[in-house]
1. Is it the case that some residue within the range 29-49 is more than 13 Å from the ligand (Cβ to nearest atom) and in contact with a strand residue (DSSP E or B) (Cβ under 9 Å, 6 or more places away or on another chain)?
2. Kindly list, by first and then second residue, each pair from a residue in the range 71-90 that is over 30 Å from MET12 (Cβ atoms) and modelled with pLDDT of 95 or more to a residue that is of a type in the set (Asp, Glu) and assigned to a loop (DSSP other than H, G, I, E, B), limited to pairs with Cβ atoms under 9 Å and residues at least 6 apart or on different chains.
3. Can you tell me which condition VAL29 does not meet? The list is (1) in a helix (DSSP H, G or I); (2) exposed (fewer than 13 other Cβ atoms within 10 Å of the Cβ), and all the others hold.
4. Of the residues that sit in the range 55-90 and are under 27 Å from the mean Cα position of the chain (by Cα), basic (Lys, Arg) and within 16 Å of the ligand (Cβ to nearest atom), which one is farthest from LYS17 (Cα to Cα)?
5. Within the range 47-59, does at least one residue satisfy the condition of being over 17 Å from THR7 (Cα atoms) and in contact (Cβ under 8 Å) with a residue 24 or more places away in the chain?
6. Only one residue in ILE71, ILE16 is β-branched (Val, Ile, Thr) and not in a loop (DSSP other than H, G, I, E, B). Which one?
7. Which number in (1) farther than 30 Å from ILE89 by Cβ; (2) under 12 Å from the mean Cα position of the chain (by Cα); (3) among the small types (Gly, Ala, Ser) marks the one condition that GLY4 misses?
Amino acid sequence: MESGHDTSTSAMMMLIKFLAENPDCYQKVFEEQRKIALEKRAGELLNKDDIQKKKYSLNVVNEVLRLSPPIQAMFRKANADFTYAGFFIP
Ligand code: HEM
């Protein structure tokens, strides 16, 4: 797993899949993006405020990550026994 690459790819792929399966959600995401795009001049880039306006789209992405997390679990093995916050980690 390459940091930030496979995870983002998985999230984007599942986003497209879920939007294809839920045309009503797709329409709302499309409208939200379109509304922001129409407020911009030709060639004007998105800024932080624009991104914060994408509330519905952000909720959709969060729901995609909840339903199909790119990383399902993480397993670690301690190199040595230790105690942390009262818990013994073998
Ligand atoms: C939906 C997208 C993403 C998910 C689900 C995700 C998930 C995770 C998870 C679970 C870890 C912890 C791995 C561990 O315990 O060792 C992690 C670490 C990391 N991620 Fe992401 N990630 C995402 C996107 C990105 C992006 C876009 C970047 C870079 C631009 C990035 C960079 C990193 C780096 C550098 C680490 C290691 C941090 C450390 O050393 O502790 N990730 N990511």
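1. No, the range 29-49 contains no residue that is more than 13 Å from the ligand (Cβ to nearest atom) and in contact with a strand residue (DSSP E or B) (Cβ under 9 Å, 6 or more places away or on another chain).
2. PHE88/ASP81
3. It fails just one condition, (2).
4. Within the range 55-90, the match that is farthest from LYS17 (Cα to Cα) is ARG76.
5. Within the range 47-59, one or more residues are over 17 Å from THR7 (Cα atoms) and in contact (Cβ under 8 Å) with a residue 24 or more places away in the chain.
6. After ruling out the rest, the residue left standing is ILE16.
7. Tallying (1) farther than 30 Å from ILE89 by Cβ; (2) under 12 Å from the mean Cα position of the chain (by Cα); (3) among the small types (Gly, Ala, Ser), GLY4 fails exactly one: (1).
The values are calculated or read from the model by the stated rules, or taken from the named source; none is laboratory data. For clarity, every value in this text was computed on a predicted model and none was experimentally measured. Glycine gets a Cβ as well: all are built from the backbone with ideal geometry, and neighbour counts include every protein chain shown.
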